[in-house]
1. Which order do you get for B:Arg136, A:Arg124 if you rank them by accessible area with a 1.4 Å probe, largest at the top?
2. With +1 on each Lys and Arg Cβ and -1 on each Asp and Glu Cβ, how big is the dipole of the stretch B:3-255 about its Cα centre, in debye rounded to the nearest 20?
3. Could you work out the local net charge near B:Asp88, counting Lys and Arg as +1, Asp and Glu as -1, over the other residues with Cβ closer than 11 Å to its Cβ?
4. Where in the stretch B:178-256 are there chymotrypsin sites (Phe, Trp or Tyr not before Pro) that are in a DSSP coil and have at most 15 other Cβ atoms within 10 angstrom of their Cβ?
5. Counting protein heavy atoms only and a 1.4 angstrom probe, how many square angstrom of accessible surface do chains B and A bury in total, to the nearest 100?
6. Could you pull the accessible area for B:Thr4 with a 1.4 Å probe, rounded to 10 Å²?
7. Go through B:Leu246, B:Pro140, B:Ile91 and say which Cα lies farthest out towards the positive end of the charge dipole of chain B; charges sit on Cβ, +1 for Lys and Arg, -1 for Asp and Glu.
8. For A:Asp33, B:Asp171, A:Asp136, what's the largest-to-smallest order of accessible area, 1.4 Å probe?
Amino acid sequence: MSFDLGNSKMSDTAAIEAENLTKIYRDSIRAVDGISFSVKQGEIFGLLGPNGAGKTTTIKMMITLTRLTSGKLHILGVDVSEHPQEVREMLGYVPQSISVDVDLTAYENLLIFAKLSYVNKKERNERIRNALEYMDLSERANDLVKRYSGGMMRRLEIAQALVNRPKILLLDEPSIGLDPSSRKQVWKSIKQLNQEFGTTILITTHDMSEADELCDRIAIMSEGKIAILGTPMDLKRDVGGDIITANLGSPCSVVSFPKEVGQIINNNEKSIQILTTNGEEAIPLIADFFRSHGIKVESISINKANLDDVFMKYAKRRLGNNVYKNIRSTRRDFTRHSR
Amino acid sequence: MNVTRFIKSSITVAEMEARKIRHDSAELWTRAIQPALWLLIFGETFNAIRAMPTGNFSYMQFITPGILAQSVLFISIFYGITVVWERDVGIITKLLSTPSPRSSIVLGKSLAASLRGVFQALMIFALALLLGVKIRFDLPDILGVFAVVVLFAMCFSSLSMLLASYMKTRDRMMGIGQALTMPLFFASNAIYPISIMPIWLQYVSIANPLSYVVDAIRSMLLEGTYQNLPVDILALLVFTTIFVTLASRTIKKLLE
């Protein structure tokens with residue numbers, strides 16, 4: 001199966017370029033409030049945020065299902081307001097809720113969609129066959145979709161978005177409502193698409209592990225604005241790094257570690273918690289430190305910073321910083337008690 | 001706009017409906033029950049009591065084109081409900097996210113409604129044959145009837161889609177549909193001649209598009225005269241174009 005990678009002359013154009021993008025609904029709710037970001041070609045870009053943050057509205061403006069109120073939005077250099085049809089031709093879109101026609105077979109769903117996307121008649125059947133194979137649906141291609149499981153419908157949905165060989169794939173919460181194994185399968189196909197065919201992928205989710213697993217870069221949205229944008233690594237570093245808990249054989253009154261190791265955030269004599277930027281590297285240093293002070297270490301555990309922390313920090317910021325702090329300390333307590 | 005692409009997309013949307021009907025045609029048959037009952041109960045009764053001044057024709061002859069038009073009206077005026085339902089299950093989102101022009105999607109949907117209208121017409125022809133109603137079964141007349149049925153269904157289903165983009169829910173569409181079908185049907189020449197109506201109602205029925213449709217079908221099936229036909233068809237074409245154009249602009253509202 002081969003995908004067009006688009007015109008090579010366009011390779012330095014941004015796949016998606018949003019500039020002060022704003023959507024105000026009629027009831028004057030600012031669903032998207034002046035966001036600017038740029039997605040590079042070949043990138044997997046994640047749009048994260050709690051429900052109602054404006055992720056879906058942003059995607060809908062891209063696929064021209066809703067008109068932007070102000071600002072600019074270009075897809076591979078094409079203005080969405082001026083040439084909506086041209087834009088839709090370059091995009092594949094998988095909406096949040098199932099939108100395949102359950103009264104048709106999988107093959108028919110793809111056929112109709114291919115026709116509406118003006119896929120050349122000669123290539124049509126082969127593309128449909130390829131998309132079905134790719135999404136592992138060939139065997140049940142002629143079954144009515146209403147007999148499919150949720151995971152299969154999702155895969156069909158992605159297959160449908162693939163028949164017109166999109167340069168950019170927009171996935172709105174692709175793994176919502178899927179069991180863990182179907183989710184893994186969907187993730188695999190997303191990665192494969194990106195790696196094998198260079199398809200640019202924009203994905204919205206509120207599942208942090210999904211974003212961590214898939215995305216090259218992430219923007220966290222909150223109340224219509226982008227709260228922070230960066231690589232998953234950057235963002236995790238931003239929330240302060242990993243927490244290491246050392247349980248000691250005898251009480252210890254050490255006050256501080258060398259700076260390169262980390263900072264003590266909690267010390268109740270037999271259990272010490274240290275905040276570090278890189279937990280894996282800090283563990284041997286900490287072990288050495290106690291050994292050189294003649295203190296027996298019973299166990300050392302590490303609690304890696306994850307995107308949930310980033311999410312909580314930025315997505316709920318307006319509820320006050322306390323929320324975030326509480327979450328962090330709850331996690332520490334949990335770590336402590338789970339021993 | 002690229003005309004070939006436009007037509008292709010419209011036909012594809014209608015094809016989608018045809019394929020669904022092929023998988024499950026139960027709805028078509030259940031839809032035939034009501035017109036059958038109108039003919040069997042209402043038609044036969046009034047035929048027997050000869051209460052209606054229907055001129056040279058029996059009441060059964062008179063009412064058959066009326067019931068044909070009525071059943072197509074019902075299908076098309078409630079077509080917006082189908083579209084609202086398709087919005088709820090995401091199909092409209094999917095259709096509108098394709099590169100096809102929106103007007104071709106709306107036109108295709110109205111063609112889909114007319115496909116159902118054609119099935120209704122077939123059922124009623126079959127029923128008329130069964131009941132021995134004397135109608136003209138000449139090929140040009142039959143083809144003419146089908147042409148009127150197709151246009152009529154397109155016209156009213158696109159009106160229904162236009163309304164649906166504002167009404168947005170099935171319940172409201174149900175209410176609107178019922179509010180519309182009642183006066184359209186009873187203030188027309190479908191089941192009694194206009195001449196027996198009170199004067200004010202006669203004016204209403206002259207403004208009622210259903211009267212023209214019934215008139216066109218009746219002239220082909222009973223009289224074999226065609227002088228009104230060009231006007232009837234032209235009027236339907238004009239209204240269909242207007243409604244399809246308006247509905248393609250508004251259909252996006254369904255998603256908001």
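1. B:Arg136, A:Arg124
2. For this selection, approximately 900 debye.
3. Numbers: positive: B:Arg87, B:Lys168, B:Arg170; negative: B:Glu86.
With Lys, Arg at +1 and Asp, Glu at -1, the neighbours total +2.
4. Numbers: sites: B:Phe185, B:Phe186, B:Trp200, B:Tyr203, B:Tyr212, B:Tyr226, B:Phe239, B:Phe243; in loops: B:Tyr226.
Those satisfying the criteria are B:Tyr226.
5. The buried area between B and A, both sides summed, comes to about 2800 Å².
6. Per-residue accessible area (B:Thr4): approximately 90 Å².
7. B:Ile91
8. Greatest to least solvent exposure: B:Asp171, A:Asp136, A:Asp33.
The values are calculated or read from the model by the stated rules, or taken from the named source; none is laboratory data. On a predicted model such as this, the values are computed, not experimentally measured, just so you know. Here the Cβ is made from the backbone with ideal geometry for all residues, glycine too, and neighbour counts use every protein chain on show. When the accessible area is computed, the model is the full protein with side chains, heavy atoms only, and any ligands, DNA or RNA have been set aside. Shrake-Rupley method; radii C 1.70, N 1.55, O 1.52, S 1.80 Å.
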